[in-house]
Structure formats: C-alpha cells, structure tokens
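The values are calculated or read from the model by the stated rules, or taken from the named source; none is laboratory data. Bear in mind that the values here come from a model prediction, so they are computed numbers and not experimental data. Methodologically, a virtual Cβ is constructed for each residue, glycine included, from the backbone with ideal geometry; neighbour enumeration extends over all protein chains shown. Each accessible area value is taken on the protein alone, full model and side chains, heavy atoms only, with ligands, DNA and RNA left out. Shrake-Rupley method; radii C 1.70, N 1.55, O 1.52, S 1.80 Å.
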Amino acid sequence: DEPPTGYMAGSSVKQALVANGCTIQGTVHESIISRAVTIKKDVKLDHCIIMQKCTIEEGSDLAYVIADKGVHIGAGVVLRGTAEKPIVLRKGESVSKEDYR
C-alpha cells in the first residue's frame, strides 16, 4: 500500500523494474528496485538489486550491488562489483565513503 513512484526532474530510468513508493532523482539502468526506496540526486545505479526501504544518498555510484532491506548508502560512496562477483550488503547495513576506500 505505497503511493506511486516519484520520478523527479533530472532522473533517468532505463530497462529497470521499479516498485511503487520510491523516490528517484538519479540514474537507474538495468536494475531492480523494491518498494519505498529513496535514490537521491546524482546517484548512478547499474545492474543493481535494491530491496525495500533502502536509501542511497547523493553522488553515490553503484554497479553490480545487491542491497538487502533497510540498507543506507552514504553520500559519495562508490561500489563496483562484477556480474560474477557482486557486492552484497546485509540487511540494515550502513555504508559510508570511509568504509570502501
């Protein structure tokens, strides 16, 4: 029972499955986004699976990431996995820029 997804000015979503209740301000490409996810300005998602109620802060760049429920990704975080070895974030995990240098 979520409201429709909001695609804000400047957002870009291509070849993605997006559930309801999301707010998207960034770029999403070939990804699956569950309900109530917040994707802030200047975020780039490529080949990701983002579970419900995750927040991805401004300027983050993610490729081949699987984020379980309630994950918080801080501003400016860069995570790059591969198709053979994606990066998996546990339920409720919080990732900051300092965690992945």
Requested in this report: Tell me, yes or no, whether segment 49-65 has at least one residue that is of a type in the set (Phe, Trp, Tyr), at pLDDT 95 or above and in a loop (DSSP other than H, G, I, E, B).
Outcome: yes
Query - In segment 1-15, the residues that are open to solvent by 40 Å² or more (accessible area, probe 1.4 Å) and more than 16 Å from Glu58 (Cα to Cα) - result: Asp1, Glu2, Pro3, Pro4, Val13, Lys14, Gln15
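Which one is farthest from Pro3 (Cα to Cα), of the residues in segment 17-46 that are open to solvent by 10 Å² or more (accessible area, probe 1.4 Å) and among the small types (Gly, Ala, Ser)?
Here the residue is Ser34.
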Query raised in the report: under 21 Å from Arg90 (Cα atoms) and either in a loop (DSSP other than H, G, I, E, B) or touching a strand residue (DSSP E or B) at 6+ places or on another chain (Cβ under 6 Å) (or both) - does that describe any residue in segment 10-19?
Result: yes
Query raised in the report: Among (1) open to solvent by 60 Å² or more (accessible area, probe 1.4 Å); (2) in contact with a strand residue (DSSP E or B) (Cβ under 7 Å, 6 or more places away or on another chain); (3) small (Gly, Ala, Ser), which single condition is Ala83 missing?
Result: (2)
Query - Matching residues in segment 27-48 - criterion: being among the acidic types (Asp, Glu) and in a strand (DSSP E or B) - result: Asp46
Report task. For residues that are of a type in the set (Val, Ile, Thr) and buried (at least 21 other Cβ atoms within 10 Å of the Cβ), scanning just segment 47-76, find the one that is farthest from Ser96 (Cα to Cα). Result -> Ile50
